[in-house]
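See structure below.
The values are calculated or read from the model by the stated rules, or taken from the named source; none is laboratory data. All values reported here derive from a predicted model rather than from experimental measurement. Positions of Cβ are backbone-derived with ideal geometry, glycine not excepted, and every protein chain shown enters the neighbour counts. Ligands, DNA and RNA are excluded from the accessible area calculation, which covers all protein heavy atoms including side chains. Shrake-Rupley method; radii C 1.70, N 1.55, O 1.52, S 1.80 Å.
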Amino acid sequence: MLFLYHAPISTCSQKVRLVLAEKELEWDGKAINFGKGEHLTPDYLKLNPNGVVPTLVHDGDPIIESSVITEYLDEAFPEKSVRPKDLKTLAHMRAWRQYIDEVPTPSIRPISFNTFFVPIWSKMTEEEFWDYTERLPLRKHFYRKMGRGGFSKAEIDESLDRLTQTLNRMEAALEDGDYIIGDHYTLADVALTPTVVRLEDCGRADLWDHLPRVARWYERIKARPNFDIAYMPGSRDLGAHI
């Protein structure tokens, strides 16, 4: 029995849903409502002390962190694997995934928050905002750095620089095949997909206008059967969640 606590708009939740759909695994789940603070309830924090989504519960045992969850799913359900079998190629994929976790994944957050979510915080008083951030186990300082008015131009420019570096690395890697690791769809592609989708939703598809391999990769990704399943209704309607 697979049960997923997730949020349609969460990029980390999207990664896990992409793997579940790719592997054609049956699962049940609950969409967490951030506005109602469902990610900060005592019951949820028992499952995931970080107070973030997603959380996978498999046969009663919680597994947290999206990159960990995606590898776990591939190990627990090895049919239709999304990881290379060759150990050196697997190490290459994991190096990409580590880079993705350290560079593009955190870099897309300031752009997402400034574009869609700052209106939530701007309606709060400074005291209300501070009290809310005090409840966050993992991202208190991220929110306080953002503040009620959003991230500065310098911080957004830094994020865009890191994301541009990522897209350039993708362009180079895609010289060797249709996907990031040659001709096989892997967790590297899974991990990159939500960032590229979010860039498009934030109006920054121009970042790969001059990168034809990235553009073709993205069209290939969107044409895969798992894409429309993972991007369930509401997944890209960020404005509706303000």
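Does K145 fit the bill of being open to solvent by 30 Å² or more (accessible area, probe 1.4 Å), under 23 Å from the mean Cα position of the chain (by Cα) and not hydroxyl-bearing (S, T, Y)? So K145 passes the test. With respect to (1) surrounded by 12 or more Cβ atoms within 10 Å (Cβ to Cβ); (2) closer than 25 Å to P49 by Cβ, the lone exception for E155 is condition (2). Out of curiosity, is A215 more than 23 Å from S13 (Cβ to Cβ) and open to solvent by 10 Å² or more (accessible area, probe 1.4 Å)? Yes: the conditions hold for A215. For the range 184-200, a residue qualifies if it is surrounded by fewer than 19 Cβ atoms within 10 Å (Cβ to Cβ) and out of contact with any Asp or Glu (no Cβ under 9 Å at 6 or more places or on another chain), and exactly one does: E200. Listed by first and then second residue, the pairs with beta-carbon distance under 9 Å, at least 6 apart or on different chains, first residue in the range 137-152 and without any contact (Cβ under 8 Å) to a residue 60 or more places away in the chain and within 23 Å of P42 (Cβ to Cβ), second open to solvent by less than 50 Å² (accessible area, probe 1.4 Å) and of a type in the set (A, V, I, L, M, F, W, C), are F142/F113; F142/L136; Y143/F113; Y143/W121; Y143/F129; Y143/L136.
Of the residues examined, E38 is not one that is out of contact with any Asp or Glu (no Cβ under 7 Å at 6 or more places or on another chain), charged (D, E, K, R) and in contact (Cβ under 8 Å) with a residue 60 or more places away in the chain. Does K23 satisfy being more than 19 Å from the chain's Cα centre (by Cα) and of a type in the set (K, R)? No, not satisfied. Taking I181 and the conditions (1) surrounded by 16 or more Cβ atoms within 10 Å (Cβ to Cβ); (2) within 16 Å of the chain's Cα centre (by Cα); (3) at pLDDT 95 or above, which numbered condition does it fall short on, given that it satisfies the others? So I181 meets the others, but not (2).
The residues of the range 112-152 that are closer than 15 Å to I9 by Cα and touching a Lys or Arg at 6+ places or on another chain (Cβ under 7 Å) amount to a single one, S112. Looking only at residues in the range 186-242 that are more than 24 Å from S67 (Cβ to Cβ) and acidic (D, E), the one that is nearest to the chain's Cα centre (by Cα) is D237. Output the residues belonging to the range 42-52 that are more than 23 Å from V196 (Cα to Cα) and open to solvent by less than 50 Å² (accessible area, probe 1.4 Å). Matches in the range 42-52: Y44, L47, N48, N50, G51. Whether a residue is surrounded by fewer than 18 Cβ atoms within 10 Å (Cβ to Cβ), acidic (D, E) and either touching a strand residue (DSSP E or B) at 6+ places or on another chain (Cβ under 9 Å) or within 27 Å of V196 (Cβ to Cβ) (or both) was assessed, and E102 passes this test. When the residues of the range 1-37 are filtered to those that are surrounded by fewer than 19 Cβ atoms within 10 Å (Cβ to Cβ) and either modelled with pLDDT under 95 or among the polar types (S, T, N, Q) (or both), the one that is nearest to E75 (Cα to Cα) is M1.
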